[in-house]
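Novice: One structure, as structure tokens, below. Some questions next.
The values are calculated or read from the model by the stated rules, or taken from the named source; none is laboratory data. Not measured: the values here are computed from a predicted model. Cβ atoms come from the backbone with ideal geometry, glycine included; neighbour counts cover every protein chain shown.
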Amino acid sequence: MRKSTSILFLIALLAARVPGSVAQTASGSASSSSVVLSPSAQADLIRLGGQMMLAGKAYEYDRELADEIGPRLTGSANYVKATDWAVAEFKRLGLSNIHKEGWKIPATWEPETLATARMIAPHEQRLHLESEGWSPSTPEGGVRGNVYYLSELKVASVQAQASRIQGSIVLVDGEAIDSAISDGFGKLFDALDAIGKAGAKGLILGIGTTNNAPSFVGVTAFDGSLFNLPTGNLGREDTLLLKRLLARGAVEVEFSFTNRIRRNVTVNNVVAEIPGTDGTGDYVLIGGHLDSWHPGTGAQDNGTGAATVVAVAQAVMASGLKPKRTMRFVLFGGEEEGTIGSIRYVQQHAAELSHCAGVFVTDTGAEAPKGWYAFGRADESAALKTIQPMLDSLGAGGVSNNGEFTFETDESAFLVKGVPAFVLWTPVDKYFLIHHKPSDTFDKVNQRDLNLGAATVGVTAYAFADSTGELPHLTAAQVIDQLKSVNAYTEYQDLLAHKVM
Ligand SMILES: [Zn+2]
């Protein structure tokens, strides 16, 4: 997932296909719009599930990504290594049509120095601060100035206080950021942009969960462009201290960091296929993002998801299975900067999106799976019933229609085009303690739980690949109804208004 918000946090309708309705269940049209499996296909699923549980490779793949390649910031040298790793493994497994698909990002970003920060007045004290993602470097010698606390993160509030913001280091706390996010990330980014335009010297986002882990809201724009102001993330305790002191008088701080920034860089998604036997060009897509944040090694965000994608390919090949529809495996970049890789993928593949029978994305870590997010599509829930006994045996027979995470990962670009889209549903209690933090490392990954999740993805995606039935693609109007049903339409409007999708 790309943003943490507890503090946190895209019409290819086929004439030949019958549009479904969000409220419709598959009953009454079971033979055309659900998963229908022959006895031999069911036996194949059992073979695949056994392969993945008893000899699955997700754990080893995640170890290689997290421990041997390390943090994989979009477009960084490590990210390129990870794309080479995936290409080499897909080749070794014997997949087809293995290639990279490039798209441009305005800037890549990596910390070059450790950030330093201190309070100067009313007394001297070290502060726990890290650079925000895609922040420019501070000027030589750092940024130094009086702190101005901004309690509300809206463009109008910023403009009304512009004379006091000018020349200050603006402090915004987690509560103000959460409140702004509830109106959509676009409105948050507009307000942050206005702070820079008002002439602030620097910006401090008080979003760290603790001083021990100043965490990352991520980025301050949708498209991977650099922010307009040196911006640091400050630990929780330090943020509260600054607010208490500001209530009594002036507070002066300074911070300094250098970030390595390269402009207009090509970033690659990695694509590989197991060709379908039916020759129609229809496919299912098994995807997840390969990029990560840098404080940890991205073992769970999203090493487990990327490892799952390759592990499903490995297990299908090792089982000797031949699906009817093509199984396409895609590792996306740029997810953490606004699901850029999957948005570009959907744009680049618009002409053949109509052939996509389902998208299956993993991005919530390695806790034991509960099932799938279906984002309000009753026909998706109904289709899963065909394989529910198998998913139940993995503990993953559930369906969630919680729309909170609709635009948080790479299924969203497909979902808004009406493609049947699923995200693996796992608990996130432990995940949100570590993601985007130094503690997102391989030691937290449980092999059995990861195998359960990978097997859930493998069995479900293979069932959709081998089914004689298929789910419809929704019309644009039906997508809007779907998004409204899961309370995600406001966020979609925000994204459209900012030309993100
Ligand atoms: Zn993620």
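Novice: Among the residues of segment 183-192, count how many are under 14 Å from Glu152 (Cα atoms) and touching a Leu at 6+ places or on another chain (Cβ under 9 Å).
Specialist: 4
Novice: Every residue in segment 321-345 that is of a type in the set (A, V, I, L, M, F, W, C) and buried (at least 24 other Cβ atoms within 10 Å of the Cβ), please.
Specialist: Met327, Phe329, Val330, Leu331, Phe332, Ile340, Ile343, listed by residue number.
Novice: From the list Asn97, Asn78, which residue is among the polar types (S, T, N, Q), in contact with a Pro (Cβ under 8 Å, 6 or more places away or on another chain), buried (at least 17 other Cβ atoms within 10 Å of the Cβ) and modelled with pLDDT of 95 or more?
Specialist: Exactly one residue qualifies, and that residue is Asn78.
Novice: Only residues that are under 24 Å from Leu65 (Cβ atoms), buried (at least 24 other Cβ atoms within 10 Å of the Cβ), at pLDDT 95 or above and away from the ligand (no atom under 12 Å from the Cβ): list them for segment 346-369, please.
Specialist: Val359, Phe360, Pro369
Novice: Of Asp67, Asp62, which residue is within 16 Å of the ligand (Cβ to nearest atom), assigned to a helix (DSSP H, G or I) and either over 26 Å from Ala382 (Cβ atoms) or at pLDDT 50 or above (or both)?
Specialist: Asp62
Novice: I would also like to ask the following. Pairs under 9 Å by beta carbon, first residue farther than 25 Å from Met53 by Cα in segment 429-457, partner among the aliphatic types (A, V, I, L, M) and at pLDDT 95 or above, six or more apart or different chains?
Specialist: Final answer for the pair search is Ile434/Ala299.
Novice: Hey, could you check segment 329-345 for residues that are within 21 Å of Trp425 (Cα to Cα) and within 15 Å of the chain's Cα centre (by Cα) and say which is farthest from the ligand (Cβ to nearest atom)?
Specialist: It comes out as Val330.
Novice: Name every residue in segment 298-320 that is surrounded by 24 or more Cβ atoms within 10 Å (Cβ to Cβ) and either assigned to a loop (DSSP other than H, G, I, E, B) or not hydrophobic (A, V, I, L, M, F, W, C) (or both), in order of residue number.
Specialist: Gly298, Gln300, Asp301, Asn302, Gly303, Thr304, Gly305, Thr308, Gln314
Novice: Out of Glu130, Glu124, I need the residue that is modelled with pLDDT under 95 and either surrounded by 17 or more Cβ atoms within 10 Å (Cβ to Cβ) or at negative phi (or both). Which one?
Specialist: Glu130
A quick yes/no check of all residues on (1) out of contact with any strand residue (DSSP E or B) (no Cβ under 7 Å at 6 or more places or on another chain); (2) at negative phi; (3) in the same structural domain as His294 (by TED's automatic domain parsing):
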site: Ala311; (1), (2), (3): yes, yes, yes
site: Pro323; (1), (2), (3): no, yes, yes
site: Gly334; (1), (2), (3): no, no, yes
site: Thr339; (1), (2), (3): yes, no, yes
site: Ile343; (1), (2), (3): yes, yes, yes
site: Cys356; (1), (2), (3): no, yes, yes
site: Thr362; (1), (2), (3): no, yes, yes
site: Thr386; (1), (2), (3): yes, yes, no
site: Gly395; (1), (2), (3): yes, no, no
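Novice: Assess whether Ser131 counts as being under 24 Å from Pro71 (Cβ atoms) and hydroxyl-bearing (Ser, Thr, Tyr).
Specialist: yes
Novice: Scan segment 426-437 and tell me whether some residue there is modelled with pLDDT of 95 or more and β-branched (Val, Ile, Thr).
Specialist: Yes.
Novice: Here is a further query. Quick test for you: out of Thr239, Thr266, Thr258, pick the one residue that is touching a strand residue (DSSP E or B) at 6+ places or on another chain (Cβ under 7 Å), surrounded by fewer than 17 Cβ atoms within 10 Å (Cβ to Cβ) and at pLDDT 95 or above.
Specialist: Thr266
Novice: Within the group Lys417, Lys437, which residue is of a type in the set (Lys, Arg) and within 26 Å of Thr297 (Cβ to Cβ)?
Specialist: When all the criteria are applied, what remains is Lys437.
Novice: For segment 405-501, list the helices (runs of 4 or more DSSP H) that sit wholly inside it and hold at least 1 residues that are surrounded by fewer than 24 Cβ atoms within 10 Å (Cβ to Cβ), touching an Asp or Glu at 6+ places or on another chain (Cβ under 7 Å) and assigned by TED's automatic domain parsing to the domain that holds Pro295; which are they?
Specialist: 431-434, 447-466
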